[in-house]
1. Straight-line reach only, C-alpha to C-alpha below 22 angstrom: list the lysines that Lys14 could link to, leaving out same-chain residues fewer than 8 apart.
2. How far is it, in nm, from the label point at Glu36 to the one at Ser17 when both lie 7 Å from their Cα along the line to the Cβ?
3. Whats the longest run of the chain with zero trypsin sites (Lys or Arg not before Pro) that are DSSP loop and have at most 13 other Cβ atoms within 10 Å?
4. Among the aspartates and glutamates, select those whose C-alpha is under 14 Å from the C-alpha of Lys57, and discard any that sit fewer than 8 residues away in the same chain.
5. What ratio of Cα Rg to 2.2 N^0.38 Å holds for the chain?
6. Scan the stretch 9-54 for GluC sites (Glu not before Pro) in coil per DSSP, keeping those whose Cβ has at most 15 other Cβ atoms within 10 Å, and list them by number.
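We did not get these values from a lab; they are worked out from the coordinates using the rules stated. Since this is a predicted model, take the numbers as computed values, not measurements. Please note: Cβ atoms are built from the backbone with ideal geometry, for glycine as well, and neighbour counts cover all protein chains shown.
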Amino acid sequence: MKQNMYIHVRVSTKGRSESIEKKKDTYYITVKEKPERGAANKRVREILAQTFHGNPKEFRLVKGGTSPSKTYLFTNHSHHEN
């Protein structure tokens, strides 16, 4: 059964290290990439894929393309959060 889930993310770029932390309904993600040419958004999708055991292509950015606050739509047959 296919499930859709909206994931709210707050992104910090150009970090010294990468991290992900959940507070309430938002995931705070720090990436090393600069917010240029979609590099940071790509890395955020990869981190979400690791966290939710999915494929980066299953995460579609639906809000906040150039904003630190983003919403991703995760479409997967079954998901398990770390």
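1. Within reach: Lys22, Lys23, Lys32, Lys34, Lys42, Lys63, Lys70.
2. 2.5 nm
3. Values: sites that count: Lys2, Lys14, Arg16, Lys24, Lys32, Arg37.
It runs 38-82.
4. List returned: Glu46.
5. On the way: Rg = 11.9 Å, N = 82, 2.2 N^0.38 = 11.7 Å.
In units of the 2.2 N^0.38 Å rule of thumb, it is 1.01.
6. Details: sites: Glu18, Glu21, Glu33, Glu36, Glu46; in loops: Glu18, Glu33, Glu36.
Sites meeting the loop and neighbour criteria: Glu18, Glu36.
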